[in-house]
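Asks: Sharing a structure below in structure tokens format, with a few things to ask.
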Amino acid sequence: MKFWNSAECRRGAASAMLAGLVMIGGCVGADVPYGMSNIENRPVATAPEPTGPRLPASGEVIGTGETRVALLLPLTGEGNASRIAAELKNAAILAMDDAGLQSMELVVKDTAGTAEGASAAASQAVAEGAAAVLGPLFSANVRAAAPALAVNGTPMIAFSSDRAVAGPGIYLNSFLPQGVVRRTLLYAAGQGARSVVAIVPEGAAGDIAEAEARRTMLETGGQVTAVARYRYDNESVYEAVRGVTEDIRTADAVFIPDGGNSPATIVSSITESGIEMSGKKVLGTGQWTSANLADPVLAGAVFADTDHGRVASYKQRYQSRFGAEPSLTSALAYDTVILAANIIKGVNAIPRHAIESPVGFSGYTGLFRFNADGTTERGYAIYEVRDGQPQIIDPAPSRFDGGAS
């Protein structure tokens, strides 16, 4: 087993930042915008008491706390899996630096990115008395790991963005595409958009975006008046636009959820078709961070995304510690480890009612909370493309209103 020790000198400035940025442990009244709800007067659900000495941890151990938590990652997975896993592990190390090694014992286990590996790692975590499992990353691995955890009711906080694998006790700390689509369209509806044409890619991502767009517009009293689908070639895009030209003429907005070259190519095709876009809103999603926002055709477009300032702070800290720029996905691992450490601080366990705190949590990825069905609700900011750059025009919320949805 490999043990990590963090230098105390790294924790001073980080701890001061942490108090303001990451989940606050324990509510201090109704005005606290995020953090754990008051759990002192609530029944505490804990794992069954061990019948004998706890088994030694199998895997890479970070921390010295009494409560054990497993982190399942595809450390030896194929393709990009191992690279992403290395980032997630580094993010967990950074989080443990901030939370303190005494906060818990985090055991990193390799799933190899396979269903079999995930199932074996989950079974091992349960046998070793883990209070919770963080990860795995891929949806197939989440499905495979879930049965082993169900035996003892061990909660899982996974990083998959496939809503279908969520369930009671199986939580997803990820960027579910439905949430960012909903935020974009709710904002547009609030600005007067009642009719929207959606132009989406073929495949599952397009299906999800269309379904959520229809649901959200219906909720606001508007509608998606037409949907066009395209493959990733210019002729397919042109044909898709031609098929909804008349619908776009009478619509209030055009919704383009895809990133990369798609937004500029689609909007250019619309204008080349002779459609006047002044007075119409072009709507996107966080996928637009991969688009060329400097293209003049995208000026004035709006989209929802995480708070870029918070993410930049995380990336700067990660790069300073590990010498490379991380992906946004790795920030999810940081936030999840901090979340687990703060819950443990309150009850020396990770009960589901604490994970499902309606007040939610706040981290580098913004405000978020877990619903009872395992899905995640997030607070996104709204950006407008101005001078080739995304500018916040409607900040991300600092608290959740009402109960979980």
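Asks: Could you grab me the full set of residues in the range 365-405 that are without any contact (Cβ under 8 Å) to a residue 24 or more places away in the chain and surrounded by 18 or more Cβ atoms within 10 Å (Cβ to Cβ)?
Replies: Gly379
Asks: Moving on. Return the pairs, sorted by first residue and then second, in which the second residue is surrounded by fewer than 24 Cβ atoms within 10 Å (Cβ to Cβ) and polar (S, T, N, Q), the first residue lies in the range 325-338 and is without any contact (Cβ under 8 Å) to a residue 24 or more places away in the chain and part of a loop (DSSP other than H, G, I, E, B), the beta carbons are less than 7 Å apart, and the residues are 6+ apart or on different chains.
Replies: Partner pairs satisfying both residue conditions: Glu325/Gln319.
Asks: Let me ask you something else. Restricting attention to the range 351-365, does a residue exist that is touching a strand residue (DSSP E or B) at 6+ places or on another chain (Cβ under 6 Å) and among the polar types (S, T, N, Q)?
Replies: Looking for residues that are touching a strand residue (DSSP E or B) at 6+ places or on another chain (Cβ under 6 Å) and among the polar types (S, T, N, Q), one finds none in the range 351-365, hence no.
Asks: Give the range 219-234 a look and list any residue that's closer than 16 Å to Glu202 by Cβ, charged (D, E, K, R) and at pLDDT 95 or above, or say none.
Replies: If the condition is that a residue be closer than 16 Å to Glu202 by Cβ, charged (D, E, K, R) and at pLDDT 95 or above, then Arg229, Arg231 are the ones that fit.
Conditions tested, residue by residue: (1) closer than 29 Å to Phe400 by Cβ; (2) of a type outside the set (Ser, Thr, Tyr); (3) at pLDDT below 50.
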| position | (1), (2), (3) |
| --- | --- |
| Trp4 | no, yes, yes |
| Gly12 | no, yes, yes |
| Gly25 | yes, yes, yes |
| Pro50 | no, yes, yes |
| Pro56 | no, yes, no |
| Ala91 | yes, yes, no |
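Asks: Going through Arg352, Arg321 one at a time, which residue ends up being basic (Lys, Arg) and under 25 Å from Phe138 (Cα atoms)?
Replies: Within the list Arg352, Arg321, the selection yields Arg352.
Asks: May I ask you to verify whether Gly300 is closer than 18 Å to Gly192 by Cβ and surrounded by fewer than 21 Cβ atoms within 10 Å (Cβ to Cβ)?
Replies: In short, yes.
Asks: If we only count strands (runs of 3 or more DSSP E) wholly inside the range 185-274, which ones have 3 or more residues that are buried (at least 17 other Cβ atoms within 10 Å of the Cβ) and either aliphatic (A, V, I, L, M) or not assigned by TED's automatic domain parsing to the domain that holds Thr285 (or both)?
Replies: 195-201, 223-230
Asks: Among the candidates Ser362, Ser357, which residue alone is assigned to a loop (DSSP other than H, G, I, E, B) and crowded, with 17+ Cβ neighbours inside 10 Å?
Replies: From the options Ser362, Ser357, the qualifying one is Ser357.
The values are calculated or read from the model by the stated rules, or taken from the named source; none is laboratory data. Just so you know, these numbers come straight off a predicted model, no measurement behind them. Note that we place each Cβ from the backbone using ideal geometry, even for glycine, and neighbour counts take in every protein chain shown.
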